[in-house]
Amino acid sequence: MRLKALVAVLGVGAVVACAPVQSGPTSSGTDEQTGQLRVWLFDEVNRGPKEAVVKEAISEFQGKHSGVTVDVQYIQVSSRAERFKAAFSDPKSAPDVAEFGNTDLAGYVSAGGFSELDLSKWDESKDLVPTILDTAKVDGKTYGVPWFVGVRALYYRTDVFTELGLKPPTTLDEIAPLAREIRQRKPELIGISAGGKYLFAALPFIWAQGGEIAKSDGGKFTAAIDSAESRAGVAKYTELIKDDICPPATCAGNGGDASVEAFRAGKAAMTIGGDFNRKSVDASSAAGKYGVVPLPGKTKGSVAPAFAGGNLLGVMKGTQRKTLANEFTQLLASKKYQQKMYAAMGNLPTFTDVQKQVAESDKFLEPFTKTLQSGTKFVPVTPAWAKIEAQTVVPTMLQEIVTGAKNVDTATADAAKTMNAAFTS
Amino acid sequence: MTAKGQGRTAFAYLAPALLVLGGLLAYPIYQLVLISLYDYGQEQVSGGAPLEFLGLGNYQNLLGNQQFWGVLGQTVAFAAVCVVGTLLVGAFLAILATRVRTWVRMTLFLAALGAWSTPAVAGSTIWLFLFDANFGFVNEVLGIQGFSWTFDKWTAFGLVAAQVIWCSFPFVMVTLFAGIKAIPGEVLEAAALDGASAFRTAWSVTLPLLKPIILVVTIQSIIWDFKVFTQIYVMTNGGGIAGRNLVLNVYAYQQAFAASEYGLGAAIGVVMTVLLLGITMFYLRALRRSGEVL
């Protein structure tokens, strides 16, 4: 009798919900010209200057459009995945305009979160650096405007180099021997602070050798991390995380922040750091005794292709104020406000001419703009990449090699297998 | 009243409890099983892609994965060490507490409550500070600055196990202490009059009387330690170097939820539920066979 009741209850349940829930299509047909425009921007450690620039843009925007208010919410970078997932699942809680990381783009677009942008009527858009604009595209369609970029270059300690009579490396192959020599002569120092989880430091080594993470054939990706060129790059990078340069016990678990932290603490002679690390290095024991050069490439005088990280501004698909959202995006991402953001936060602009301008006024930026202009590269633009990143495929591969658990050939082959599984699922 | 009528009355009395259980337990489990049968990612949740029924595809995928079996074995061994450690430390301190003076006992309880009430994330972080390679107090005392506890697979597991035991022994200690205190004095007195030694009293009188309580704390510990997430996630930075410190829960998070593969994640959840139910049933049956009334 009880069993029957239970079966009945389960039966009713099965009829009520015979498939997991899905929210409906998010695109709305309306395009209102007044009301409140909701904007999500990322919170920063020191948000004041950013907020001031954004407020300026808002008052300019509200001055042009009567009856429109702009409401900005600052969201945490660390919980962005949950916030955006929630926004996509429930359009009512979603903003109209949002700032987001360019590596998240493909996943957000396939989740149906952002709408395609038409930049053809926006004059300034033709000055956007093409390789940076590419980071805002999926399958040739543009879904965001690059707001700022971040690239990494080689930081080195000028005092150590002078003391030992050394010069910064001019080719990628020189880095390991140079770092080894420094550690030999100054055993308390790490030759170059590299990290087993520092994907964006490892990628230039792979790209400089002509390798790729994955190759795209008409939108269908296949892993290329196990190609001969990629393996050469992986070998070059993992060589750095050895006891005679950067001991695995210290370095294997490090990501970007921890790698730069060792340099800040004065424990490393070199590291790979971004233009965005400048302020924190200037507030450390390495302040005033460091220099920056572009990470050298395979041949003398060349620059290793850097990863073009950065944030985009985009318009959400569910917005009910499409025109206003587009206009606000173009205003905040305009040359004028990118310049202001550079002055306030040190964010590198995404327009060729504005980049040149700021580099001329600030010598520190030269290695970074030089890196940008010699061509940057990006991670595979596919939603599968978000999965590969969440599953820590590449860091695990690097760590397996530096701990000796697997050799380069096996580790890259296994990583390629996992990636291909993600690409085809 | 007929037998049928009696059954009906009994059912009516049980109905409210059944409803609550159904709402809080059966429905979520039903949803979990349902989701585990679909290819259910972020695209499907937000309506960007159609649902695809996979049947047992997610399970096939999971059970055919070598890493899953490795992680499962690791989880079982890790949980076993934590359970045994927790019970031993808890029992030892509970007995100690019955034998010492009041102020010592108070101090012991306060210290244990402190460990118990520390949030897992805070506790893990504090332990990491204590065992930091360069600035940690422990390395300073031992004179081994620069030694990384979290790099090697086994020292990392050992450190996390110690932290888990540290934050879960107070429950065992307090429960067992209450149990020991609840044993009537007459029973122990009778044993003493019969000339039983202290060991004999503990083995043949105290322990059998404590059995139901030990049963509860053991099952609790097994379930808790099998599901450890925070300590591994925080202390080994998401599963250790090259993922060699992964346990099932962290693995499920990393492979499935962080990667928005909710179908696969649900499948891992179902497997974990089945495993835990199995362990608990096995344990209960073993106890029943040994003559315990449950």
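Using only protein heavy atoms and a 1.4 Å probe, how much accessible area in total is buried between A and B, to the nearest 100 Å²? Walk me through the numbers before you get to the answer.
Working: alone 19160 and 17400 Å², together 33760 Å².
That pair hides around 2800 Å² of surface in total.
In the stretch A:141-250, Cα pairs under 8 Å separated by at least six residues give a relative contact order of 24 percent. Per residue, chain B exposes 54 Å² of accessible surface when a 1.4 Å probe is rolled over the protein heavy atoms with every protein chain present. Spacing of the modelled spin labels on B:PHE11 and A:VAL21, each 7 Å from Cα toward Cβ, amounts to 3.1 nm. Given a 1.4 Å probe and the protein chains as shown, A:ARG47 ends up with an accessible area of around 70 Å². Between A:LYS236, A:LYS377, A:LYS55, the GNM of chain A built on Cα springs shorter than 10 angstrom shows A:LYS55 fluctuating the most. Looking at B:ALA91, A:VAL402, A:GLN357, which one has the Cα that reaches farthest to the positive end of the dipole of the protein assembly as shown (charges on Cβ: Lys, Arg +1; Asp, Glu -1)? It is B:ALA91. The charge dipole of the stretch B:1-113, taken about its Cα centre with unit charges on the Cβ of Lys, Arg, Asp and Glu (plus for the first two, minus for the last two), comes to roughly 920 debye.
With θ taken as phi - 60° and the Karplus curve 6.51 cos²θ - 1.76 cosθ + 1.60 applied, the whole-hertz 3J(HN,Hα) list for the stretch B:100-105 is 9, 5, 4, 5, 5, 4 Hz, x standing for glycine and proline. Selection among A:ALA179, B:LEU142, A:THR30 by position relative to the dipole of the protein assembly as shown gives B:LEU142 as farthest towards the positive end (Cβ unit charges, Cα centre).
With respect to the cross-link table entries A:LYS85/A:LYS377; A:LYS50/A:LYS356; A:LYS126/A:LYS300; A:LYS126/A:LYS387; A:LYS137/A:LYS322; A:LYS220/A:LYS335, which display a Cα-Cα separation exceeding 24 Å? Result: A:LYS85/A:LYS377; A:LYS126/A:LYS300; A:LYS126/A:LYS387; A:LYS220/A:LYS335 exceed 24 Å.
Given axes a ≥ b ≥ c from the Cα gyration tensor, I'd like to know whether the stretch A:200-355 is rounded (a/c under 1.5), prolate (a/b larger than b/c) or oblate. In terms of gyration-tensor shape, oblate. Remark: relative contact order (the stretch A:54-189) = 12 percent; criterion is Cα-Cα distance under 8 angstrom and separation of 6 or more residues.
Here the calculated FRET efficiency for B:LEU56 and A:GLU229, from their Cβ-Cβ distance with R0 = 51 Å, stands at 0.80, rounded to the nearest 0.05. Here the label points at A:GLN73 and B:LEU209, each 7 Å from Cα along the C-beta direction, are separated by 5.9 nm in the simple model. Counting only heavy atoms of the protein chains and using a 1.4 Å probe, A:GLU163 has close to 120 Å² of accessible surface. Evaluated with a Cβ-only charge set (Lys, Arg +1; Asp, Glu -1), the protein assembly as shown carries a dipole of roughly 1440 debye about its Cα centre, given to the nearest 20. For the stretch B:13-44 and the stretch B:135-156, compute the distance between their C-alpha centroids and round to whole Å. Centre-to-centre distance over Cα atoms comes out at 45 Å. Largest mean-square fluctuation among B:SER117, B:SER36, B:SER197, in a Gaussian network model of chain B whose springs join Cα atoms under 10 Å apart, belongs to B:SER197.
How shielded is A:245-251 by partner chains, expressed as the average number of their Cβ atoms within 10 Å of its Cβ atoms?
Neighbouring Cβ atoms belonging to other protein chains average 3 per residue here.
Assuming a ≥ b ≥ c are the square roots of the Cα gyration tensor eigenvalues, decide whether the stretch A:89-156 counts as rounded (a/c under 1.5), prolate (otherwise, with a/b larger than b/c) or oblate.
oblate
Taking B:VAL205, B:VAL247, B:VAL270 in turn, the Gaussian network model of chain B (Cα-Cα springs below 10 Å) assigns the largest fluctuation to B:VAL205. Counting Lys and Arg as +1 and Asp and Glu as -1 over every other residue whose Cβ lies under 13 Å from the Cβ of A:ASN277, the net charge comes to 0. Judged by the ratio a/c of the largest to the smallest principal axis of the C-alpha gyration tensor, the protein assembly as shown counts as oblate, that ratio being 1.5 or greater while a/b is no larger than b/c.
Hey, can you list the DSSP H helices of chain A whose Cα span along the axis is 20 Å or longer and whose average Kyte-Doolittle score is at least 1.0? Those that clear 20 Å and a mean of 1.0 are A:2-16. Please report the spacing between the Cα centers of the stretch B:216-294 and the stretch B:183-197 in Å, no decimals. Distance between centres, Cα-based: 42 Å.
As a length-normalised measure over Cα pairs under 8 Å and 6 or more apart, the relative contact order of chain A settles at 25 percent.
Projecting label points 7 angstrom from Cα along Cα→Cβ for B:VAL84 and B:ALA178 puts them 2.8 nm apart.
Its Cα gyration tensor gives the stretch B:39-86 an equivalent ellipsoid, and the semi-axes of that ellipsoid, as √(5λ) in whole Å with the largest first, are 34, 14, 8.
The values are calculated or read from the model by the stated rules, or taken from the named source; none is laboratory data. Remember, predicted model here, so these are calculated numbers, not experimental data. Please note: Cβ atoms are built from the backbone with ideal geometry, for glycine as well, and neighbour counts cover all protein chains shown. Calculation scope for accessible area: heavy atoms of the full protein, side chains included, ligands and nucleic acids excluded. Shrake-Rupley method; radii C 1.70, N 1.55, O 1.52, S 1.80 Å.
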